[in-house]
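The values are calculated or read from the model by the stated rules, or taken from the named source; none is laboratory data. None of these values were measured; they are calculated from a predicted model. Methodologically, a virtual Cβ is constructed for each residue, glycine included, from the backbone with ideal geometry; neighbour enumeration extends over all protein chains shown.
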Amino acid sequence: MVKNSDMIVMAKFLSKVIKKDDGCWIWRLSKDRYGYGKLRINNVTHSAHRFSYFIHGGKPIGRELYLDHICRDRTCVNPSHLRVVTARESALINNNSPWAINHNKTHCKNGHPLDGANVTYRLVESGNKKRRCMECHRRENRESYLRCKLRLQETLPW
C-alpha cells in the first residue's frame, strides 16, 4: 500500500520532469559533470535516475550495479527506460567505450583474425586478460631476435 507521504515525494519528483513524446522523462534540474540528473534530499546528493527507479518500485541496488539507460539519454529518469546491469554489461552495451571497441574487434591492426589458434591471452597489471594476435607476436619476436643478433655481431671483434 502506498503511503500519502510517498505520493507527495513522487508528485514533487515528477514536477521536476519533462515528459517527452518518445517516452523519456527528462530531468530539468541540476546535472553532474557526466550529464546525469542529480538531486539533494536532507543534504545528501542522489542520482535522479537511481532515485526514480527506487520510488517507482525498484529494489535498492548496490554501488556495484549500474542502471543502464535503454534510451541512451542520461537525463532520462523514466523507470521503464532503466535496467540493472553489471559494470561489464554496461561497458559492452555502451559500445563507445574503449573496452567495448576492443572486445568487438575481429581482426588485429594488421588484418589477421583474432580467433582460434591465432589468438592468445596475457595478463596485464590490472589482472585482466588482453588478447594478442599470434601472427604479429611471432613477427615481433623474430624482428627482436634479429636486432639483438645484429647488435651482438657488431660488437664482436672477429
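ARG74 fails exactly one of the following numbered conditions: (1) basic (Lys, Arg); (2) touching a residue at least 24 places away in the same chain (Cβ under 8 Å); (3) outside the structural domain of ILE18 (by TED's automatic domain parsing). What is the number of that condition?
(3)
Going residue by residue through the stretch 102-123, is there one that turns out to be polar (S, T, N, Q), in a strand (DSSP E or B), modelled with pLDDT of 90 or more and loosely packed, with under 14 Cβ neighbours inside 10 Å?
Quick first cut of the stretch 102-123, residues polar (S, T, N, Q) only: 102, 104, 106, 110, 118, 120.
Pick out the ones that are also in a strand (DSSP E or B) and you get 120.
Next, from what is left, pick out any that are modelled with pLDDT of 90 or more: 120.
Add one more test, that the residue is loosely packed, with under 14 Cβ neighbours inside 10 Å, and what stays is 120.
Among the residues of the stretch 102-123, at least one is polar (S, T, N, Q), in a strand (DSSP E or B), modelled with pLDDT of 90 or more and loosely packed, with under 14 Cβ neighbours inside 10 Å, which makes the answer yes.
Listed here are the residues, each with its yes/no results for (1) more than 30 Å from LYS130 (Cβ to Cβ); (2) assigned to a loop (DSSP other than H, G, I, E, B); (3) among the aromatic types (Phe, Trp, Tyr).
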| position | (1), (2), (3) |
| --- | --- |
| MET7 | yes, no, no |
| HIS49 | yes, no, no |
| ARG63 | no, yes, no |
| ARG74 | no, yes, no |
| VAL84 | no, no, no |
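Closer than 30 Å to SER15 by Cα, more than 18 Å from the chain's Cα centre (by Cα), surrounded by 10 or more Cβ atoms within 10 Å (Cβ to Cβ) and modelled with pLDDT of 85 or more: is that true of HIS69 in this structure? Talk me through it step by step, then tell me what you get.
Working: closer than 30 Å to SER15 by Cα: yes; more than 18 Å from the chain's Cα centre (by Cα): no; surrounded by 10 or more Cβ atoms within 10 Å (Cβ to Cβ): yes; modelled with pLDDT of 85 or more: yes.
Answer is no for this residue.
Can you work out which of the residues in the stretch 31-44 that are at negative phi and touching a Ser or Thr at 6+ places or on another chain (Cβ under 9 Å) is surrounded by the most Cβ atoms within 10 Å (Cβ to Cβ)? So that I can check it myself, show each step before the final result.
Keep residues of the stretch 31-44 that are at negative phi, which gives 31-34, 36-41, 44.
Those still in the list that are touching a Ser or Thr at 6+ places or on another chain (Cβ under 9 Å) too: 31-32, 36-40.
Values: LYS31: 14, ASP32: 12, TYR36: 18, GLY37: 25, LYS38: 17, LEU39: 18, ARG40: 10.
It comes out as GLY37.
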